[in-house]
Structures are given as structure tokens and as C-alpha cells.
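Remarks on the structure that follows.
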Amino acid sequence: MNNISVIGSGTMGNGIAHVFAQYGYKVSLIDINQPALDKALATISKNFDRQVAKGSLTEEEKKASLGRIQPFTSLKEGVQQADLVIEAATENLQVKLDLFRQLDEFSPENAILASNTSSISITKIGSVTKRPDKVIGMHFMNPVPVMKLVEVIKGYATSQEITDTVMEISSKLGKTPVEVNDYPGFVANRILMPMINEAIYTLFEGVAGIEEIDTVMKLGMAHPMGPLQLADFIGLDVCLSILRVLHDGFGNPKYAPCPLLVNMVEAGYKGVKTGEGFYEYTPGSKDLKVSRRFH
Ligand code: CAA
């Protein structure tokens, strides 16, 4: 297995391309427009620089890794040699179903088709292809070059052989893969999102302020980020859509998204990506300032 195609060059897609290229794989990075690809390659180069600066990669290794990434704006051309395709496009069911129908048509018959979805059913995605046994979830965590986990999601029809192959390839990237079954939220988000939602309820009900809630979890539970900062980092819209998948999938009111989260997303305050969520973000600054709307 040598040729990897990554669909989508946003935060997750460029991180996945980065890691595969670093570990010697040939990567086709596919997006619909050239400016998105240019931006992704610049981000990957900058993230390699962090590794060079701390001595975990040499300048030559950085150059060679970047040289293994080829950008494509055509899906058909980008996947025609693929052994493994990893889809990291928008977290939207219809977009993913359309993409997987095309991947099934354009990629080699034996290629494994993986999705980096954080909550959409792998079984449903696999059902629109003629190879549901070769459709699987490879859920990387942000920032991909740093986080050690790959949650490997076995759809209802995914074969054990394909699952074993994906577990093995994830280990070759220096990651620790964990095999889980395909139920709403899998494991990571079934546990993470109710915690984030509860933190938002704690704020909404006036139990404590933003910094207080985050400090309790950072210093009390040794989390690297508090749950509200983490929600901003993931994207409040993404958190909301995952909570809706849990709520619909289990029909249990305990997963109902906090009305404050719904309002923030509807008003366009989606966290780091829009410059404001629970905190305000200034490009290039690491300062964390509580959003003025909560003063
Ligand atoms: N690429 C390469 N290296 C990176 C990087 C990137 N994109 N981002 C950070 N790093 C490196 C830095 O260079 C630094 O390396 P050294 O310690 O070796 O110098 C290290 O990571 C730490 O970075 P910083 O010093 O900039 O900042 P930090 O110490 O505050 O850590 C963090 C940043 C790693 C993001 C940390 O805050 C963290 O672990 N946060 C929690 C992240 C998390 O929970 N992610 C999962 C989100 S859920 C998800 O992704 C899936 C989903 O379905 C929702």
C-alpha cells in the first residue's frame, strides 16, 4: 500500500496528508479549487517547520515529504491510482454520499475507501457503494500531526481483513489505532460531546463563567484545554451537528444540544474559524480572551 488519496484540504485533510507524506507514502491531495490546495500546502509546510525547529525532522526530510504530496482539482484523476482513499470533506451526509458514489466509480476496484467523519454512519456511507466491505472510518484527531489516536470504525458490513489492514497502516504512521463499532458518535464523540454540552449548560445556567469552567477541567482533570476552549477549537457548528447525530441516533433527551450552543451557531459565532465563540481570537496571537458577549 503506497498511494494514498486525501479528499478535502481543510484542517483535517491537510493534517492527514502531512502525516502520510512524513511516513513515506505518496499522497494525492484533492480539493475543488486551486487556492484551497495552495493554502493547504503552505499550512503543511509551516507545520513541518515546527517539527524541523524542534529537531524531530530534518530540512531534507521536510523537503522530501512535501515532494510526496501532489495536488489535484479533479477527483477522478486524484483517485485513479489509489490504494487507500481518505475522505475529509465537509461533515454533511449528502456531500459524503455523493462523494462515495464517485469514489466507488473512479478508484481502483480493490482500493479501501475510508472516511474521517466524526459522526456520520460508516454503514450508511458504505451502503451507497458496491464495496461496503471495503468502506471504513479512519477518525484522526486535530491537530493530526500531534494527536496519537486513530479511531478505526468498522461499519456493519466492513470486513475484518480491511479493518486489520487499516489498523496496521495507522500504526505505521506512529499512531495508536483503536477499533470500534459503528454506532452514533462512535466512542470519541459519544463521550466528548456530552462533556462539552454539559460545560455549555453549566455556563448557560450561570453556575460559573467561561474561564472558571475551563480552569476546573484544565487544572482539576489535567485536560490540555478546557471544554469551552476545545469546543471553539473543534468548531461550535461541528459540536452541534455531532450532538444532533447522538440525539437522533439514540432518541435520548440527555443528548439534546444546549440552546446557547444552538443560538451561537445560528448567529455565526462558531469558534476559532470565525474569530469568535466562547473566546475571541486574533490571528497570530495566542492570547485567550473571553468573548465580550459574555462580559
Ligand atoms: N502540526 C504540527 N505540530 C503541531 C501542530 C500542528 N498542526 N499544532 C501543534 N503542534 C505542536 C507544537 O509544535 C508543539 O510541539 P512541541 O511541544 O514538541 O514543541 C506541540 O504541538 C504543542 O503545541 P503548542 O505549544 O503550540 O500549544 P499547546 O501546548 O497549547 O498544545 C494542542 C496545543 C496540542 C492543540 C493542545 O492544546 C491539545 O492537545 N489540545 C486538545 C486537542 C484535542 O483534544 N484534540 C481533539 C479534538 S476532537 C477531534 O479532533 C475530533 C472530533 O471528531 C471532534
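The values are calculated or read from the model by the stated rules, or taken from the named source; none is laboratory data. All values derive from a computational prediction rather than experimental measurement. Note: ideal-geometry Cβ built from the backbone for every residue, glycine included; neighbour counts use all protein chains shown. Ligands, DNA and RNA are stripped out before the accessible areas are found, and what is left, the full protein with its side chains, is counted by its heavy atoms. Shrake-Rupley method; radii C 1.70, N 1.55, O 1.52, S 1.80 Å.
Quick notes on this one:
- HN-Hα J in Hz across the stretch 103-119 - Karplus 6.51, -1.76, 1.60, θ = phi - 60°, x for Gly and Pro: 4, 4, 7, 8, 9, x, 3, 8, 5, 8, 10, 10, 10, 8, 3, 8, 7
- Set against the 2.2 N^0.38 Å expectation for a compact globular protein, the chain has a Cα radius of gyration ratio of 1.01.
- Each Lys and Arg adds +1 at its Cβ and each Asp and Glu adds -1 at its Cβ; summed about the Cα centre, the stretch 188-294 shows a dipole of about 160 debye.
- Spin-label pair residue 221/residue 183, simplified geometry with 7 Å Cα→Cβ offset, distance in nm: 2.1
- Equivalent ellipsoid dimensions for the stretch 188-294 as semi-axes, Å, which come from the Cα gyration tensor, largest first: 21, 16, 13
- Highest-fluctuation residue, 252, 116, 47 considered, GNM on the chain with Cα pairs under 10 Å: 252
- For the stretch 138-236, GluC sites (Glu not before Pro) are listed when DSSP marks them as loop and at most 10 other Cβ atoms sit within 10 Å of their Cβ; the list is 205.
- Simple spin-label estimate for residue 244 and residue 207 in nanometres, 7 Å along Cα-Cβ: 2.6
- Listed values for the stretch 273-281 are Karplus-derived 3J(HN,Hα) couplings in whole Hz (6.51 cos²θ - 1.76 cosθ + 1.60, θ = phi - 60°), namely 5, 9, x, 7, x, 6, 10, 10, 10, and x replaces Gly and Pro.
- Rounded to the nearest 20 debye, the dipole size of the stretch 19-109 about its Cα centre is 400 debye, using +1 on the Cβ of Lys and Arg and -1 on the Cβ of Asp and Glu.
- Ellipticity at 222 nm from helices only: DSSP H runs of n ≥ 4 in the chain, each -39500 (n - 2.57), divided by the residue count, give -14500 deg cm²/dmol.
- For the stretch 3-181, the residue among 127, 70, 165 whose Cα projects farthest onto the positive side of the dipole built from Cβ charges is 70.
- Positive-end extreme of charge dipole, the chain - chosen from 150, 177, 20 (charges on Cβ): 20
- Here the Gaussian network model covers the chain, with springs between Cα atoms less than 10 Å apart; of 21, 42, 114, 42 fluctuates the most.
- Distance from the stretch 231-264 to the stretch 49-112 (C-alpha centre basis), Å: 29
- Nonpolar atom fraction for the chain, defined as the carbon and sulfur part of the 1.4 Å probe accessible area, stands at 53 percent.
- Electrostatic dipole magnitude of the stretch 3-181 [Cβ: Lys, Arg +1; Asp, Glu -1; Cα centre; debye, to 20]: 320
- The equivalent ellipsoid that matches the C-alpha gyration tensor of the stretch 118-218 spans semi-axes of 33, 17, 8 angstrom, in descending order.
- Within the stretch 20-91, trypsin sites (Lys or Arg not before Pro) in DSSP loop having at most 12 other beta-carbon neighbours inside 10 Å: 54
- Residues with amide H under 5 Å from that of residue 138, placed H, sequence gap 5 or more: 115, 116, 117, 153
- Over the chain, accessible surface divided per residue gives 48 Å², non-protein components excluded, 1.4 Å probe.
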